[in-house]
Amino acid sequence: MSEVAIRVEGVSKQYRIGIRREKYKTLRDSLVETAAAPFRRMNDMFRGNGKKSDDRPGSETDSFWALKDVSFEIKCGEVVGVIGRNGAGKSTLLKVLSRITEPTEGFAEIHGRVGALLEVGTGFHQELTGRENVFLNGAILGMRREEIARKFDEIVEFAEVGKFIDTPVKRYSSGMHLRLAFSVAAHLEPEILLVDEVLAVGDVAFQKKCVGKMEDVASQGRTVLFVSHNLAAIKELCQTSVVMNNGQLDYRGPVVQGLAHYGQLIAANPKSEEMGRGTHWHRVRVNGLGSGFATTLNNNDPLFAEAEFNVNQEISHGYFFCIINDATGNQLVHQRTDTRALGYETLPTGTYNLCADFPTLWLAPGVYTVHFKFVGNKVDGTQQSLLSERLLLDVIGKETAISRSLLAPPLRWTVEPKSASTETAEISVFQ
């Protein structure tokens, strides 16, 4: 078997947009149109109503490039995270690789049996029972009946719908429907697995089971392309990354650097830039590292974030924010200070250096982003708001220090026997 599992060369995909479908023509309509065509052309010629070729439906002005000149290689056994903003072309890329759609230009080579988890629940029939849908959906995904029967109990147990397996799917809740669909798809045994946002199903507990299942798949040496907005899952499961932006390949390399690159893409906020005209952030850094780098920290290291803040118009009063988000966008730290507390009744024009110093980092191991924000009023009374770029934090720690919570402060634990004796035994444990 070739060392290269997937090779993509100059793949582009064009779609036509905004074109109204013509109604179905009968034989009579076609004959009448053919007979009238010469007279219509003569009439247009005499009246000068000839249409230009650019006005035809389907011209270049009516097209959209979902992918444009994408090229990369993936080796056998490599687990690759495909990340990017909404509309970047991630799902289109996986549809091309799974042969759901053909590329407009270029080609892709696939070496090995492919399993695709692109749209969870595709192929489920609402009138059939869960049991019947397991066999139906498994067949659609390429599993043989003997293979489905052998894995049936495992599929039902994983989906946690055993009590309702003989109930029509139309009576399932949306969560039950998605859990069963994912369970069927997750028990495929292909050499190459294409996964598109299927871990965001069910409740939090089931999502953890999904991540565990994907870890099992990755540990078996299969080649995996994993599309997700869950950056923590990307970092945990993947070795390398592909970052898509506006249908083009923006980055290909190690996963941590890919997450840092993606952080720069999502930091772009045209609305904030327009509101913050006259005020700019520069040289945003975390522990001395700026954009293009991922700051790797232990979960008990100090942290300081700094940035240069350029003021082109005098600020009467405003607030600075330092914000830390987890991989899913939840705000863990949202601290602020105002210009007056920093000693400025008004903030004159000029360049300032802002620093937020955290004495001890209490974050549990994972992926986080750090950025600054400014909200204030100019002397003319107009308000402005501006976000800085986001920098990536890759927090690591020893296995004994890993917490299931997002915050892991160093607690002091004591155990004392409940006794009236003056001599008490005390056990202290620091983590």
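The values are calculated or read from the model by the stated rules, or taken from the named source; none is laboratory data. Here the structure is a predicted model, which means the values were calculated and not measured. With ideal geometry, Cβ positions are generated from the backbone for all residues, glycine too; neighbour counts draw on all protein chains shown.
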Could you please find all residues in segment 300-344 being touching a residue at least 24 places away in the same chain (Cβ under 8 Å), assigned to a loop (DSSP other than H, G, I, E, B) and among the charged types (D, E, K, R)? ASP301, GLU314
If you scan segment 232-253, which residues turn out to be modelled with pLDDT of 90 or more, within 21 Å of CYS76 (Cβ to Cβ) and within 14 Å of the chain's Cα centre (by Cα)? SER241, VAL242
Which residues, taken from segment 354-376, are in contact with a strand residue (DSSP E or B) (Cβ under 6 Å, 6 or more places away or on another chain) and either polar (S, T, N, Q) or part of a loop (DSSP other than H, G, I, E, B) (or both)? LEU361, TRP362, PRO365, THR369
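One line per residue, one yes/no per condition, for (1) in contact with a helix residue (DSSP H, G or I) (Cβ under 8 Å, 6 or more places away or on another chain); (2) among the β-branched types (Val, Ile, Thr); (3) at pLDDT 80 or above:
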| site | (1), (2), (3) |
| --- | --- |
| VAL256 | yes, yes, no |
| GLY276 | no, no, no |
| THR295 | no, yes, no |
| LEU332 | no, no, yes |
Suppose we filter segment 124-168 for residues that are modelled with pLDDT under 90, of a type in the set (S, T, N, Q) and part of a loop (DSSP other than H, G, I, E, B); how many remain? 1
Regarding ILE83, is this residue within 17 Å of the chain's Cα centre (by Cα), in the same structural domain as LEU188 (by TED's automatic domain parsing) and in a strand (DSSP E or B)? yes
Single unsatisfied condition, HIS177 versus (1) farther than 20 Å from VAL195 by Cα; (2) crowded, with 18+ Cβ neighbours inside 10 Å; (3) of a type outside the set (Val, Ile, Thr): (1)
